[in-house]
Amino acid sequence: MSAPLRAIVTLGPTQEPLDEVRFVGNRSSGRMGTEIAAELLRRGCHVTAMAGPCQPPGLDSLPEVVRFRTAEELRAALASRWPSADLLVMAAAVADWRPVEVQAGKRRRSAGRVSIQLEPVGEILGSLDARSNQFVVGFALEPADDLLDSAHAKLGRKRADCIVANPLETMDAAEIDGALVWADGRVERPDGRCAKSLFAAWLTDRILPAARMRAGR
Ligand code: CTP
């Protein structure tokens with residue numbers, strides 16, 4: 001029997017600190033990524049979950065969970081583990097901006113109105129090197145009316161093999177109305193809105209054979 005496929009699933013938000021108490025971040029429950037990690041595990045993959053600050057149901061049952069808080073911590077975790085993996089599912093909701101200055105201690109509210117300078121967080125997925133036998137699944141969170149056009153545009157920027165396009169309403173919800181957009185232009189959808197666990201099984205039916213073929217096992 002060939003060795004199990006090695007999958008990394010990133011999930012949950014990043015938090016970019018402003019001081020020791022506050023942060024800038026995205027809303028993300030981490031549920032979709034956890035369901036995908038659990039499904040890949042059920043199908044015999046070796047799964048490493050990389051999780052931001054969140055506690056979705058099922059996360060504690062996964063055998064290997066690497067925690068990150070900031071985008072830079074996630075970047076470092078991927079830099080050390082992605083080279084020896086076969087499949088990456090990048091479901092993490094990486095914050096788009098970070099405070100330029102992180103203040104020690106706690107900013108006081110009595111200081112009155114404050115202006116916070118933010119700088120963009122650098123692209124993680126699109127800057128990862130992928131070998132020709134590795135397979136990459138990105139995510140795209142988009143307004144429903146622009147879902148597919150934006151996902152197509154992101155595919156190239158993110159250098160992914162396919163992108164799960166999610167409408168904004170997916171955040172924190174138990175259900176998802178997502179579509180899978182492939183680099184060759186194909187778009188696949190499950191039959192309507194479904195529970196995230198069902199979507200994870202539907203998605204795994206599609207990405208796992210493709211990743212196995214790419215990895216040659
Ligand atoms: N992503 C990443 N690095 C970032 C931002 C996002 O690797 N700095 C990844 C996410 O994990 C996801 C995909 O890129 O797999 C799309 O994320 P999304 O937030 O939809 O897109 P952005 O690149 O942030 O673009 P925008 O916010 O303008 O839609």
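Taken together, the values in this text are just the output of simple stated rules run on the coordinates, not laboratory data. Being a predicted model, the structure only gives us computed values, none of them experimental. Positions of Cβ are generated from backbone atoms using ideal geometry, with glycine treated the same way; all protein chains shown enter the neighbour counts.
Values as computed for the structure displayed
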{"item": "Euclidean distance between Cα centres, the stretch 96-174 to the stretch 23-65, Å", "result": "17"}
{"item": "Reach of LYS154 by Cα under 20 Å, taken over aspartates and glutamates that are not fewer than 8 positions away in the same chain", "result": "ASP96, GLU123, ASP129, GLU142, ASP145, ASP146, GLU169, ASP177, ASP184, GLU188"}
{"item": "Fraction in percent of alpha-carbon pairs per bin - 5 Å, the stretch 1-76", "result": "3, 17, 26, 20, 15, 9, 5, 3, 1, 0, 0"}
{"item": "Cβ-based net charge around ALA153, under 15 Å, with every Lys or Arg adding one and every Asp or Glu removing one", "result": "-1"}
{"item": "Rounded tilt (10° steps) of 71-81 against the dominant C-alpha axis of the chain", "result": "30"}
{"item": "Angle between the chain longest axis and helix 196-215 axis [Cα atoms, degrees, rounded to 10]", "result": "70"}
{"item": "Net charge, SER127 excluded, C-beta distance under 9 Å - Lys, Arg +1, Asp, Glu -1", "result": "0"}
{"item": "Percent of C-alpha pairs per 10 Å bin, the stretch 76-154, short to long", "result": "13, 33, 27, 19, 7, 1"}
{"item": "Cut-off under 5 Å, modelled amide H: who pairs with ARG217 long-range", "result": "none"}
{"item": "Candidates SER110, SER150, SER127, ranked by Gaussian network fluctuation over the chain, Cα under 10 Å, top entry", "result": "SER110"}
{"item": "Rg [Å, one decimal], Dmax [Å, integer] - the stretch 92-217, C-alpha atoms", "result": "18.5, 61"}
{"item": "Cut-off 13 Å (backbone N to label point 7 Å along Cα→Cβ of ALA174), residues of the stretch 46-81", "result": "57"}
{"item": "Relative frequency of Cα-Cα separations exceeding 16 Å in the stretch 30-70, percent", "result": "24"}
{"item": "Cut-off 11 Å between beta-carbons: net charge of the residues surrounding LYS106, Lys and Arg +1, Asp and Glu -1", "result": "+2"}
{"item": "The chain - charge dipole about Cα centre, Lys and Arg +1 at Cβ, Asp and Glu -1, debye rounded to 20", "result": "520"}
{"item": "Computed [θ] at 222 nm, helices only, for the chain once each DSSP H run of length n ≥ 4 contributes -39500 (n - 2.57)", "result": "-8000 deg cm²/dmol"}
{"item": "Estimated D of the stretch 143-217 in µm² per second, where Rh is the Kirkwood radius over Cα pairs and Stokes-Einstein applies at 4 °C, 1.567 mPa s", "result": "99"}
{"item": "Helix 31-42 axis, angle to the chain major axis (alpha carbon atoms, nearest 10°)", "result": "30"}
{"item": "Within a Gaussian network of the chain (alpha carbon springs, distance under 10 Å), most fluctuating of VAL181, VAL100, VAL164", "result": "VAL100"}
{"item": "All-pairs Cα distance distribution in the stretch 1-145, expressed in whole percent, bin size 5 Å", "result": "2, 9, 18, 20, 18, 13, 9, 6, 3, 2, 1, 0, 0, 0"}
{"item": "For peptides 183-190, 69-76, 129-136, sequence by mean Cβ density within 10 Å, most packed first", "result": "69-76, 129-136, 183-190"}
